[in-house]
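Reading through the structure tokens given below for one structure.
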Amino acid sequence: MPSEASVIVHICPCYVDLEKEMGGVANIVRQLTLGPARRGREVVVICGNRELGTVVSEPKVEDVDTDAGSIRVHVLRQRAHPLLGPTRALRNTMAELDRPFVGHVHTCFSAFTESAMRHMAKSGIPFAFTPHGKLSPEFLQQHYWPKRVWWRLLARDRVLRASAVALSSAAESRAFGALGLPDRFSVIPNGYVKPADPPEEVDVQPPPAPYILFLGAIDPRKQPEFLVRAFAASKSSESHKLVFVGPDSYDHKKHVLHTIARCGCEEQVIFWGPAYGREKWRLLDEATCFALPSRAEGLPVVLCEALGAGLPILISDSCNFHEAAVEGAALEMDDFDAARWADAIDSVCLNPKRHEEMASAARKMAPRHTWDFIVERWLALYDELARSTAENTSQA
């Protein structure tokens, strides 16, 4: 049987909505589902019914009609805590798939994903594992001892059984030695897709330019308060706005507002709320630069989107986009010193020559980070896993 006949099955513990843009890992899974389906590949999604602990869908099995065709989605009922599963329902769902498939497991530290990896390993089903930042040193420090116990007793063995570990950035492997994982992995970054219709056609006026853009959930891990302090200390705050675009998913906005009040920059900071599609892209296209001082990431999709908009980028090294710094599209900071970040902001916003050099570098990088380009790399990996498994089976 040709490897290309294998079904691609994505296993994701959070809810994946194929009909609209989402954030985080679910958005990556959505693109890795729609892209292959548009190429005529059969793709199945098995996901949970919660997002950030909140139930957002009833359990169901449905064929979702998309521009890529009809795609089967299995939504399973999740328990309130990730350690509780589901496990049996997940294994039964996978066992009922009546064709050979290649699995792709997204994230770990969940009975959902670890159960899927165990089932596939026992059944001889090839699968790729992508941690999406869940194995970064910064993430592992949160709830350290429970994660340490879970990793040693369960997760490490499951990950070691993966046919391939695929990271969005080589920097994600920094903790591999301490975790007992071999230094053997593939690197396939995330991507972006820009609407075909011009973003300026959207009937929403962007904030008054010029402005610095933060795009993503108002998440303490992404340190929006720190960005406020750095912005307030910069000379750019006299001429620019700082615009936060994204949902307050963690009820953290109140803490950011407190920092804004302490810094006395209420008139310079704008909370836009969530934005998707053409509205999001108009905000990107009109921005002066993009800033993300996060403490833990895989490779944020928003950084790929910033490349697509030709934006200079200011990031922490924990954003794992060293490539952008090497190629001149980003300033990568190795600490969280507000004064240093303020200087970096000014060097981009107040220096037209440097701004254009970084914007030009971003535009040059952008074609290598479209989802069309990235999906081809994933398909090559899936097919190689299927081919290797078929060859090993025939030789046994």
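The values are calculated or read from the model by the stated rules, or taken from the named source; none is laboratory data. Quick caveat: nothing in here was measured; it's all calculated off a predicted structure. Here the Cβ is made from the backbone with ideal geometry for all residues, glycine too, and neighbour counts use every protein chain on show.
Just the residues that are surrounded by fewer than 23 Cβ atoms within 10 Å (Cβ to Cβ) and either hydrophobic (A, V, I, L, M, F, W, C) or assigned to a helix (DSSP H, G or I) (or both), please, taken from the stretch 109-127. Give the steps one after another, and end with the answer.
Our first condition is that a residue be surrounded by fewer than 23 Cβ atoms within 10 Å (Cβ to Cβ); within the stretch 109-127, this holds for 109, 111, 115, 118-119, 121-125.
If the condition is that a residue be surrounded by fewer than 23 Cβ atoms within 10 Å (Cβ to Cβ) and either hydrophobic (A, V, I, L, M, F, W, C) or assigned to a helix (DSSP H, G or I) (or both), then 109, 111, 115, 118, 119, 121, 122, 123, 125 are the ones that fit.
All but one of (1) farther than 28 Å from residue 263 by Cα; (2) surrounded by fewer than 17 Cβ atoms within 10 Å (Cβ to Cβ) hold for residue 329, so report the exception by its number.
Just one mismatch for residue 329, condition (2).
Take the residues in the stretch 344-396 that are acidic (Asp, Glu) and either assigned by TED's automatic domain parsing to the domain that holds residue 317 or more than 15 Å from residue 186 (Cβ to Cβ) (or both), then tell me which one is modelled with the lowest pLDDT.
Among residues in the stretch 344-396 that are acidic (Asp, Glu) and either assigned by TED's automatic domain parsing to the domain that holds residue 317 or more than 15 Å from residue 186 (Cβ to Cβ) (or both), the one modelled with the lowest pLDDT is 391.
Taking the stretch 218-251 as the search range and keeping residues that are in a helix (DSSP H, G or I) and of a type in the set (D, E, K, R), which one is surrounded by the most Cβ atoms within 10 Å (Cβ to Cβ)?
Only one residue fits best here, namely 222.
Is it the case that some residue within the stretch 23-31 is surrounded by 14 or more Cβ atoms within 10 Å (Cβ to Cβ), in the same structural domain as residue 168 (by TED's automatic domain parsing) and not in a helix (DSSP H, G or I)?
yes
Out of the stretch 252-296, which residues are aromatic (Phe, Trp, Tyr), under 17 Å from the mean Cα position of the chain (by Cα) and not in a strand (DSSP E or B)?
From the stretch 252-296, those aromatic (Phe, Trp, Tyr) are 271-272, 276, 281, 290; that's our starting set.
So of that shortlist, the ones also under 17 Å from the mean Cα position of the chain (by Cα) come out as 276, 290.
Result: 276, single match.
Can you name every residue in the stretch 315-353 that is over 16 Å from residue 230 (Cβ atoms) and assigned to a helix (DSSP H, G or I)?
Listed by number, the residues that qualify are 322, 323, 324, 325, 326, 352, 353.
Restricted to the stretch 135-161, and to residues that are within 26 Å of residue 383 (Cβ to Cβ) and touching a residue at least 24 places away in the same chain (Cβ under 8 Å), which residue is surrounded by the fewest Cβ atoms within 10 Å (Cβ to Cβ)? Please lay out each step first, then the result.
Here is the first cut: in the stretch 135-161, the ones within 26 Å of residue 383 (Cβ to Cβ) are 135, 158-161.
Add one more test, that the residue is touching a residue at least 24 places away in the same chain (Cβ under 8 Å), and what stays is 135, 158-159, 161.
Numbers: 135: 27, 158: 21, 159: 22, 161: 14.
Here the residue is 161.
Any chance the stretch 182-201 includes a residue that's surrounded by fewer than 22 Cβ atoms within 10 Å (Cβ to Cβ), in contact with a Leu (Cβ under 7 Å, 6 or more places away or on another chain) and free of Cβ contacts under 8 Å to residues at least 60 places away in the same chain?
For the stretch 182-201, residues surrounded by fewer than 22 Cβ atoms within 10 Å (Cβ to Cβ), in contact with a Leu (Cβ under 7 Å, 6 or more places away or on another chain) and free of Cβ contacts under 8 Å to residues at least 60 places away in the same chain: present.
Looking at (1) within 25 Å of the chain's Cα centre (by Cα); (2) surrounded by fewer than 12 Cβ atoms within 10 Å (Cβ to Cβ); (3) charged (D, E, K, R), which is the one condition that is false for residue 72?
(2)
Of the residues that make up the stretch 315-324, is at least one farther than 25 Å from residue 254 by Cβ, crowded, with 23+ Cβ neighbours inside 10 Å and aromatic (Phe, Trp, Tyr)?
yes
Which one of these does residue 57 not meet: (1) modelled with pLDDT under 95; (2) surrounded by fewer than 20 Cβ atoms within 10 Å (Cβ to Cβ)?
The single condition residue 57 does not satisfy is (1).
Which condition breaks for residue 248 when tested against (1) of a type in the set (Asp, Glu); (2) farther than 23 Å from residue 314 by Cα; (3) in the same structural domain as residue 287 (by TED's automatic domain parsing)?
Only one criterion in (1) of a type in the set (Asp, Glu); (2) farther than 23 Å from residue 314 by Cα; (3) in the same structural domain as residue 287 (by TED's automatic domain parsing) is unmet by residue 248, namely (2).
Within the stretch 81-108, which residues are surrounded by fewer than 15 Cβ atoms within 10 Å (Cβ to Cβ), in contact (Cβ under 8 Å) with a residue 12 or more places away in the chain and within 23 Å of the chain's Cα centre (by Cα)?
83
How many residues does the stretch 220-258 hold that are among the hydroxyl-bearing types (Ser, Thr, Tyr) and closer than 20 Å to residue 296 by Cβ?
2
Starting from the stretch 237-260, take each residue that is among the charged types (D, E, K, R) and list its partners that are at pLDDT 95 or above and part of a strand (DSSP E or B), counting only C-beta distances under 8 angstrom and pairs at least six apart or across chains.
241/211; 241/212; 241/269; 241/270; 253/271
Using the structure shown, decide if residue 299 is modelled with pLDDT under 95, under 26 Å from residue 141 (Cα atoms), crowded, with 23+ Cβ neighbours inside 10 Å and not charged (D, E, K, R).
Spelling it out, residue 299 is indeed modelled with pLDDT under 95, under 26 Å from residue 141 (Cα atoms), crowded, with 23+ Cβ neighbours inside 10 Å and not charged (D, E, K, R).
Rundown of residues vs (1) in contact (Cβ under 8 Å) with a residue 60 or more places away in the chain; (2) under 27 Å from residue 173 (Cα atoms), yes/no style:
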position	(1), (2)
329	no, yes
332	no, yes
348	yes, no
354	no, no
372	yes, yes
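Please state which one of 299, 311 is within 16 Å of the chain's Cα centre (by Cα) and assigned by TED's automatic domain parsing to the domain that holds residue 208.
Going through 299, 311 in turn, just one is within 16 Å of the chain's Cα centre (by Cα) and assigned by TED's automatic domain parsing to the domain that holds residue 208: 299.
Among the residues of the stretch 195-241, count how many are in contact with a Ser or Thr (Cβ under 9 Å, 6 or more places away or on another chain) and either among the basic types (Lys, Arg) or within 16 Å of residue 338 (Cα to Cα) (or both).
Residues meeting the conditions: 12.
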